[in-house]
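The values are calculated or read from the model by the stated rules, or taken from the named source; none is laboratory data. What you see is a predicted model, and the numbers here were worked out from it, not measured in a lab. Backbone-built Cβ (ideal geometry, glycine too); neighbour counts: all protein chains shown. These area figures cover heavy atoms from the full protein model, side chains too; ligands, DNA and RNA do not enter into them. Shrake-Rupley method; radii C 1.70, N 1.55, O 1.52, S 1.80 Å.
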Amino acid sequence: MLHYIYADDLHFFPLMRDTMFRDRADQFKRRLGWAVSVNERGEERDEYDDMNPLYVIWQKADGTHGGSMRFLPTTGDTMVNDHFSHLTDGVKIVSPLIWECTRFCLAPKADRRVAAALTVAAGELMDEFKLEHFVGVFDPRMERIYRLMGLSPEVIGRASHDGEDIGVGLWEMHADAFGPTLEKAGINRAMSKMWFRAAFEHARPYLDERAIA
């Protein structure tokens, strides 16, 4: 199932939390060879995990992490503005209607249904928070994955970074994309909405404050 969890609340889900950070290390450090730091616990974390981001996490039947994404409003610190503004000619992307999406991660042996479910979750965030776009940094390998998911970004900047082509893109999800994506994920919209609203049922005012911050 899908969970929407702010970093401050990850301690309520220790197994899912710990396996998420370890799966991030496996994907980004070992498989993709990114220059990321892995701690003594085998976890990949960075400074943005300390900024109370919102995580969308697919939980497997055994309670472990199946796939995840990390979201932060662009009105605060973001990776794209802090480290990659040279890809957008120095123009910073700051808007209450645009959130940054980073660390798209799939657990080893995760199937395409997990990627589709995460895509649905991103669409729910966009719908419920009244967002217009997500912004993110990607390399050619991740771009191919996004294309397979039917989520090719609108590229707004691209350049070589540390010997690799890196791009900055904007994503949006139209209403007519939900049907095919839900089918790929093997869930229906009612279930998707239920998961979202259950996550914030007891914190709606707090959620609204963050969504417009």
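Data for the structure
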| item | result |
| --- | --- |
| Failed criterion for residue 28 (all others in (1) outside any helix (DSSP H, G or I); (2) touching a residue at least 24 places away in the same chain (Cβ under 8 Å) hold) | (1) |
| Sole exception among (1) open to solvent by less than 60 Å² (accessible area, probe 1.4 Å); (2) touching a Pro at 6+ places or on another chain (Cβ under 9 Å) for residue 75, by number | (1) |
| Among the residues listed as 177, 115, the single one being at pLDDT 85 or above and on the phi < 0 side of the Ramachandran plot | 115 |
| Any pair with Cβ under 7 angstrom, 6 or more apart, that starts in region 104-117 at a residue that is closer than 13 Å to residue 185 by Cβ and ends at one that is open to solvent by 40 Å² or more (accessible area, probe 1.4 Å) | 112/184; 113/184; 113/186; 114/58; 116/184; 117/58 |
| Residue that is nearest to residue 113 (Cα to Cα) [pool: residues in region 40-53 that are assigned to a loop (DSSP other than H, G, I, E, B) and either open to solvent by 50 Å² or more (accessible area, probe 1.4 Å) or at pLDDT below 95 (or both)] | 45 |
| Subset of region 78-133 [of a type in the set (D, E, K, R), open to solvent by less than 50 Å² (accessible area, probe 1.4 Å) and more than 14 Å from the chain's Cα centre (by Cα)] | 128 |
